[in-house]
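Novice: Below are the structure tokens for one structure; questions will follow.
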Amino acid sequence: MSVQPQTLEFIRELERSSNHKLFFPTEIGHLLDAARQDQKMKAFEDAIFLGKFITKSTGIMKRIGPDGDGYNKLSSEVQAGIQKASALLKSISESCPDDVAKRQSTMFFAMSHETLERLMRLFADLALVKDWVLDKNPLP
């Protein structure tokens, strides 16, 4: 399954307006198309919110360090956010064609250090989508 033309245009415009290249533009496109097609836009919107929260909070955690005030509380909130966002994204991914869903499962949801790193980059992409929405721009 290829990403819908309006979704590809959205991704190009998102990258232009944010002045950032997405790590996983095709995967964002597949997730967005699947969410739209299978009436899971609320799950997608929740996932982009959590993606922004996780991305920003991880940056704060790196700045304050493990001995910083509030680090442990923030760390537990980030872990809970990662679990919730992962579950939402898995649910959306299940609506993708089998080959895409299998690829996403291997790329983002398997238990390994590499998949967690890719998942964190996917959250950074989702944070850009959330910024797009916060700027009053519609999702396709």
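No value in this document is a laboratory result; all are computed from the given coordinates. Only a predicted model underlies this, so the values are computations on that prediction, with no experimental measurement involved. Neighbour counts run over all protein chains shown; Cβ positions are idealised from the backbone, glycine included.
Novice: Under the 0.36 nm per residue contour assumption, what length would be gained going from the current alpha-carbon distance of residue 91 and residue 21 to full extension?
Specialist: Taking 0.36 nm per residue and subtracting the Cα distance, the gain is 22.7 nm.
Novice: In addition: Suppose every Lys and Arg Cβ carries +1 and every Asp and Glu Cβ carries -1, with no other charges. What dipole size does region 21-140 come out with about its Cα centre, to the nearest 20 debye?
Specialist: Value, rounded to 20: 200 debye.
Novice: Label 7 Å along Cα→Cβ of residue 4; region 17-36 residues with amide nitrogen under 18 Å?
Specialist: 25-36
Novice: Which order results if 20, 30 are arranged by neighbouring Cβ count within 10 Å, fewest first? List each step's numbers first, then the result.
Specialist: Values: 20 14, 30 25.
So the ranking, lowest neighbour count to highest, is 20, 30.
Novice: In nm, to one decimal, how far is the residue 69 label point from the residue 83 one, both placed 7 Å along Cα→Cβ?
Specialist: 2.9 nm
Novice: What list do you get for 125, 99 if you sort them by fewest beta carbons within 10 Å? Don't jump to the answer; show the numbers that get you there.
Specialist: Numbers: 125 25, 99 9.
Ascending Cβ contact count within 10 Å gives the list 99, 125.
Novice: Round to the nearest 10 and give me the degree value, 0 to 90, for the angle of helix 41-64's Cα axis relative to the longest principal axis of the chain.
Specialist: For 41-64 against the chain, the angle is about 30 degrees.
Novice: Just the Kirkwood number for the chain, please: inverse of mean 1/r across all distinct Cα pairs, in Å, one decimal.
Specialist: Working: mean 1/r = 0.0650 Å⁻¹.
Kirkwood hydrodynamic radius for the chain: 15.4 Å.
Novice: Quick check on my link table: of 52/136; 84/130; 40/62; 102/136, which ones sit more than 24 Å apart, alpha carbon to alpha carbon? Working shown, then result.
Specialist: Details: 52/136 16 Å; 84/130 16 Å; 40/62 33 Å; 102/136 33 Å.
In this structure, 40/62; 102/136 lie more than 24 Å apart at Cα.
Novice: Kirkwood Rh over alpha-carbon pairs of region 70-140, then Stokes-Einstein at 4 °C and 1.567 mPa s: what D in µm² s⁻¹, rounded to an integer?
Specialist: Once the numbers are plugged in, D ends up at 96 µm²/s.
Novice: Follow-up. For the chain, modelled as a Gaussian network with Cα springs under 10 Å, which listed residue fluctuates most, 110, 47, 127?
Specialist: Answer for the Gaussian network model of the chain: 110.
Novice: Taking the 0 to 90 degree range and rounding to the nearest ten, how far is the long axis of helix 113-134 tilted relative to the main principal axis of the chain, both from C-alpha atoms?
Specialist: For 113-134 against the chain, the angle is about 70 degrees.
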